[in-house]
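See structure below.
The values are calculated or read from the model by the stated rules, or taken from the named source; none is laboratory data. It should be emphasised that the depicted structure is a prediction, and the values quoted were computed from it without experimental measurement. We place every Cβ from the backbone using ideal geometry, glycine too, and count neighbours over all the protein chains shown.
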Amino acid sequence: MEGRDGFAAAVDRDVIVALDTAMTPDLRRKAMARHLVHQIQLMRKEARLNVDDRIRVSVEGRGEVAAALEEHSPYICGETLAVELRFGSPPPDWMTRAVDLEEARVNVAMTRA
């Protein structure tokens, strides 16, 4: 079954499922937060942290990206076990990585808490 623009549809026997595939501003902000969580988890792995180690995170970004990450800071902290999420330049001794979130590049830094 072929869906209309902005929708995806599938049929299986007597069940039809249609999904709205439009990317809303809310979904874009949530996607940025999820992508940041993924990058922080990769950094945790690279740093060889234990699964239950708590961390501190710093994000240097501007505009819509910064607002989206601030909006979703409880989610980010919960998923990454961050006891702190700060915005701005990270301390020089923290592990830092440049990350592309949507069309914006941010610097993400972390250290063990």
Exercise. Just one of 61, 88 is on the phi > 0 side of the Ramachandran plot and in contact (Cβ under 8 Å) with a residue 24 or more places away in the chain; which is it?
Worked result: 88
Problem set entry | Residue pairs meeting the criteria (Cβ under 9 Å; at least 6 apart or on separate chains; first over 15 Å from residue 80 (Cβ atoms), in the stretch 95-113; second among the acidic types (Asp, Glu) and outside any strand (DSSP E or B)) | 102/64; 104/64
For this session: Determine if the stretch 20-32 includes at least one residue that is of a type in the set (D, E, K, R), modelled with pLDDT under 95, over 19 Å from the mean Cα position of the chain (by Cα) and over 20 Å from residue 107 (Cα atoms).
Result: yes
Exercise. Taking the stated definitions as given, is residue 86 in contact with an Asp or Glu (Cβ under 7 Å, 6 or more places away or on another chain) and either over 30 Å from residue 113 (Cα atoms) or modelled with pLDDT of 90 or more (or both)?
Worked result: no
